[in-house]
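Before any comments, here is the structure.
Since every read-out is calculated from the coordinates, none of them should be taken as a lab result. Being a predicted model, the structure only gives us computed values, none of them experimental. Heads up, the Cβs are rebuilt from the backbone with ideal geometry, glycines too, and the neighbour counts pull from every protein chain shown.
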Amino acid sequence: MSSATLAGLVGAALVGLGLYGVIADPQPLRKILAFNLIGSGVFLVFGIVARKGAAAGLSADPVPQAMVITGIVVAFAASALAVALTLRLFEETGRATLRPDAGTKPPDDGADAE
Amino acid sequence: MTEGASAFAATAGGSLLALPILVPAAGVLLSFLLGGRQAERIALALMPVQFGFAVAIASLIWRSGQPLVYVLGGYAPPLGIALRADGFSAVMLVTTSLIMPAAGLYARTNFATPNDGTERRAPLVFWTLLQAIQAALSLIFLGGDLFNLYVALELLTFAAAPLVCLDGRPETLAAALRYLMFALFGALFYLLGVALLYGAYGTLDIVLLSRQIRAEPAVWLAAGLMTAGLLAKTALFPLHLWLPPAHANAPAAASAVLSGLVVKGSFFLIVRLWFNVLPALPNAVPGAILAALGSAAILAGSALALRQERLKLLIAYSTVAQIGYLFLMFPLASGPWSAEAFSGGVMQALSHAFAKAAMFLSAGLIAESLGHDRIAGLGGAGRAMPVTFLALGLGGLSLMGLPPSGGFAAKWLLMKASIEAGQWVWAVVMLAGGLLAGGYLYRVLAPALSGNRPRLKSPPRRSRENVALALALAAVLLAFAPPTFFAFLQIGRPAAGAALR
Amino acid sequence: MSALAAAAQEFGPGLLVAALAAPLVVLAVVLSPKLRFAALAMSPLAPLPALAAAILAIGGAPFEGELPGLRMSFRLDLPGAILLAAAALVWIAASVFARADWTGRPNAERFAVSWLLTMAGSLGVFVAADLLTFYLVYALVSVPAYYLIADDEDAGSSRAGGVYLAFTLIGEAVLLIAFVMLAAGEPGGSLDIRAVVDALPASPWRDAALALLILGFGMKIALAPLNGWMPLAYAAAPIPAAAVLSGAAVKAGVIGLIRFLPLGAALPGWGEALAWAGFVSAFYGVAIGLTQRDPKTILAYSSISQMGVIAAVLGLGLAGADQNAASDAAFYAANHVLVKAALFLSVGVAAALTGRGRSPALIVAAALALSLGGLPLTGGALAKLAVKGTLGDGVAGAVAAASAAATTALMLHFFIRLARSDNDGKAASPQRILSWLALAFASMLVPWLMFPAVGGDLADALATATLWDAIWPMLIGAALAAGLWALGEPLPRIPAGDIVVAQEAAFRASAPPLGAAFERLDWRLRQWPAAGLSLLTIALALAAAGFASR
């Protein structure tokens, strides 16, 4: 197994794990972590892409690396913002979950009321 | 394809393209630097400047009949990054530069800087974020590089999400967090798609990609991922979970910007993707999927709007529905009717931007004056504040697609294209959507103009009512857009640009 | 004549624009609180440009006009001019009649805005020359009228308004898609109504477009079973509003059929279908109308019946490629504009009069009522004569005669109900009585003036055979009415709006559960896991769709 394939598989595994976390877990903090897992997976894919970019005639394509660095900055900012909001939510309500639907009423399940 | 080398050579006046991004970005920095008391002044002073740039860009494009190009730092793509503005970019820029100051003027009351010189958090954040949204939107409308657009997209989310929770109430915090998380989730899909495209072609420049792109698995996977990610940010049904609470709980001026402009940013990129990056590929089935989701959005969003008990939630669900109309242009993207479909989609984006901004501002005035926005409690309110309800009603006219309104023009064009293409199902959905819109507006407007005037906590300020009314009138005036306007929209649209003018 | 024709070419185009603009100018002034009542006093003058344009077009020659900046174009031809003249007269009279209502009403401002918008639309439909202009003025004549109907704000008015609005919006939607099909079927891309209708017989969307046009305009003219809104609306609206709605506004549907049916192309299938629908409606309206007690409701059912006759005439014209059907039907409709509006004003006047003034008023009302049945020497007789050519002497002619008999019976029923109706306690202002008398007079005179323009022969109208042809169906109708009365009105009481009761019940039974189902669906889809899975599914579906369409 070449290192590129390995990196690809690891990237895919990270994305898959992260996807599961983001979709299934109601805790915002865990969602933020899962989000970062997906991000790492995607950055790994970019890494492989950089090797493949050699086909364009460069010994190693620098552009994806620039993108990964930018992406990490963006992901960091996103995580910071999300954590700040989660903290604020916890301070205000004493809990932090995305499950309840603030501001909208749940429908009556079963028969119609009107 | 006749652009040839010109795609990478900066056109005359191309350097103008950097300004709509730089100016609000500079405004953000200045606002931080000079402190909260100056943020409002900086934001309001720069907005007319921004409008001037937008109009200048539009007129340059109109005069040359070609997209404007600017190559940053002189490094040509694929290594460098290009800014490009076509007809669609220009009208979106102008629209943004009109709605932003409207929201700003309206918000002066809510986010006024205290006279005693103390610095408060909410005004500083509001005025700074407003400029940040404008910078991000400009970058989205002008960017020519898919990764660059990813950054713009994230900037837009970072600026938009905190606007939702400016007043710090718990439900607004939850709404903002949901919005942020789902948008971030979508952005990762987009980023993964970008990585795949770069892996396949070694470039992310839109024009370069569109020349090399072939129908192959990596491309389709990338297109699916990128589109889905953008749909999450556009809140196309069934990915709308974040939109109603976020738009309904944000301050009115923020709601107007979020509903009118911010969702159009990611929509703009979907159009870029399918019309500028992938136009050469067969796209009938993906287009039909998008339009089917759009149809579901129209029907479900309108039906849900009918069931809401609060005015702002009703308007937010109406946004869910109106976003659906935007996606009916995709299955009609190829064929002799494609120019009509494109114009219809763009017209829908513009008219909804103005109409929805007007409606959210009106709803804000209603909520402030009555102290609530329960629809059941609106009886007679239209008599107490007629101008506000006129703005609400004119905005509604456009949503229903009754003439004269931009919404009518959009519906007419989209319907004509769908009939000509033999895809009448979209036309039927549009009719049903118009009827349901009539229903939910009737729920609001019929009682509002009947019965006794309610006691107002405070009458709305005339200047703020006029801002809402001006936006609603803009939505109406779009109905009278001359044929040259539609020709302008086609500037820079690949492939079908030659088919119909 | 040539002087009029020259004047038509000279002033016509400007007058067409002025016809639409005048009510809107008054409206703009109304919005200023200081000038409001002065402007409202001027509202009877707002239809004058339209009237002048109509006179020029009838006496001179057809003409066109446009507003290039707004991309609106206008054309006044003979059918349009005949209807425009009648509609303008009704709007003038009704505006004078309504003037007493402007002040003191709690809803005066709202009523005035709806009134003037409806007026602009009502006059505009007869002069609109392209699809978009027509659709705009058609919406104007339809949608703002909601507030004329729901003016009283009681439960009945709200229900009537809601039902009216539902029918109106569905009709608008149906017409929109029909218009889109018309535009798509015109290869040159023209939006001119004549061009798109000329291209219709060869259009790939011909049948769909015709079906939708008939459905959409059929809702406006209340063809059974789409008739339910009309009795509710006219009974709920204040008297002057009912007069303009039943007289002028409903003719938007008639001019729509006249303009958009390709009368020059023989389409027997569609023509006969429309004719049958029209005849069914003509008798259905009478049958239900005879069971009603409220004079305004009875008049509404008479409108349903009369609109059915017009639809039948146009249907037969379409079947037989009869170009004259357009102006004949327009003439018939114009008579109905004047008479029906005058009848509604009669209801208001009769309710306000007591004692000695009441009997002469009732006599005038009786003459108006019988005009609809075709009483000789009235406009109604001329109207029946005008459409005789299209109806012919065969089955259609016999059915039309039977319909005249039925109408006579219905109008006698109306008269009895009117005579028995109570005084409403309001004093009859001289203004109201004069405007009503003027309109009644106009409804007798104007058809005689316009009859030659549609190729009618006045001598023929006075011939003995013609008079007899008009009288015998009326005698049968009178006998029928007398019989019903003598039996003590044995007919079952059917609620006003008849079939709409079932339509409302069906709506109430289906809409809330459907809405609740959407709400539950929305709740599930907005849960995080569901939305996340949706996102993943959409991404994969789009990618798969791409592979598939390779």
How big is segment A:3-93 on each of its three principal axes, counting only the C-alpha atoms and giving the largest first in Å? 57, 22, 14
As a test of understanding, state the convex hull volume per residue of the protein assembly as shown from its alpha carbons, in Å³. 171
What nm distance separates the two modelled labels at A:Arg30 and C:Ala38, each placed 7 Å from Cα along Cα→Cβ? 7.5
With θ taken as phi - 60° and the coefficients 6.51, -1.76 and 1.60, list the Karplus ³J(HN,Hα) couplings across segment B:253-262 in order, rounded to whole Hz; mark glycine and proline as x. 5, 5, 4, 4, 5, 5, 6, x, 10, 5
Cα-based Rg and Dmax for segment C:2-497, in Å, come out at 21.0, 66
Most positive-pole-ward Cα, C:Ala350, C:Ala386, C:Gly121, against dipole of segment C:2-497 from beta carbon charges: C:Ala350
Checked segment B:421-501 against the a/c 1.5 cut and the a/b vs b/c comparison, axes a ≥ b ≥ c from its Cα gyration tensor; verdict oblate
Which whole-Hz couplings ³J(HN,Hα) result when phi for each residue of segment C:5-10 is put into the Karplus expression 6.51 cos²θ - 1.76 cosθ + 1.60, θ = phi - 60°, listed in order with x for Gly and Pro? 4, 5, 4, 4, 5, 6
Sequence-distant residues sharing a close amide H with C:Glu66 (under 5 Å, placed H): C:Phe74
Kindly state, to the nearest 0.05, the FRET efficiency for C:Glu153 paired with C:Ala208, given R0 = 41 Å and r defined as their beta-carbon distance. 0.50
Listed by chain and number, the residues whose amide H is under 5 Å from that of B:Ser405, excluding neighbours fewer than 5 places away on the same chain and using placed H, are B:Ala479
May I ask you to derive the FRET efficiency for C:Leu521 and A:Tyr20 from their Cβ-Cβ distance with R0 = 22 Å, giving the value to the nearest 0.05? 0.35
For segment C:249-314 and segment B:283-340, compute the distance between their C-alpha centroids and round to whole Å. 38
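Structure shown: which of B:Lys411/C:Lys251; B:Lys264/B:Lys416; B:Lys411/C:Lys340; C:Lys34/C:Lys251 lie over 25 Å apart, alpha-carbon to alpha-carbon?
Too far apart for the 25 Å limit: B:Lys411/C:Lys251; B:Lys411/C:Lys340; C:Lys34/C:Lys251.
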Compute the acute angle (0 to 90°) between the alpha-carbon long axis of helix B:424-448 and the principal axis of greatest extent of the alpha-carbon atoms of chain B; round to the nearest 10°. 20
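Nearest 500 deg cm²/dmol is fine: what mean residue ellipticity at 222 nm does the protein assembly as shown get from its DSSP H runs of n ≥ 4 alone, each adding -39,500 (n - 2.57), divided by its residue count?
Computed mean residue ellipticity for the protein assembly as shown: -24000 deg cm²/dmol.
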Between B:Ser15 and C:Arg194, what is the FRET efficiency for a Förster distance of 56 Å, r being their Cβ-Cβ separation, to the nearest 0.05? 0.60
Please report, in debye to the nearest 20, how large the charge dipole of segment C:172-248 is about its Cα centre when each Lys and Arg carries +1 at its beta carbon and each Asp and Glu carries -1 there. 180
Could you list B:Thr157, C:Thr537 in order of exposure, starting from the residue whose Cβ has the fewest other Cβ atoms within 10 Å? C:Thr537, B:Thr157
Skipping prolines and chain starts, which residues have an amide H placed within reach, meaning under 5 Å, of the one on C:Ala128, given they are 5 or more residues away or on another chain? C:Arg75
Tell me, rounded to the nearest percent, the portion of alpha carbon pairs in chain B spaced more than 37 Å apart. 22
Just report the Cα centroid separation between segment B:70-98 and segment B:220-278, whole Å. 20
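Counting only C-alpha contacts under 8 Å and six or more residues apart, can you give the relative contact order of chain C as a whole percent?
On the way: 929 pairs, mean separation 72.8, N = 550.
It rounds to 13 percent for chain C.
Return an integer: the convex hull volume of the alpha-carbon atoms of segment C:496-550, in Å³ per residue.
102
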Check: C-alpha center segment C:113-179 vs C-alpha center segment C:505-550, spacing in Å is 35
Please identify every one of the trypsin sites (Lys or Arg not before Pro) in segment C:393-436 that sits in a loop by DSSP and has no more than 16 other beta carbons within 10 Å of its own beta carbon. C:Lys426
Once you have a ≥ b ≥ c as the square roots of the Cα gyration tensor eigenvalues for segment C:8-95, tell me rounded if a/c is under 1.5, and otherwise prolate or oblate according to whether a/b is larger than b/c. oblate
Enumerate the calculated ³J(HN,Hα) couplings along segment C:206-214 in order (Karplus 6.51 cos²θ - 1.76 cosθ + 1.60, θ = phi - 60°), each rounded to whole Hz, writing x wherever the residue is Gly or Pro. 4, 5, 4, 5, 5, 4, 5, 4, 5
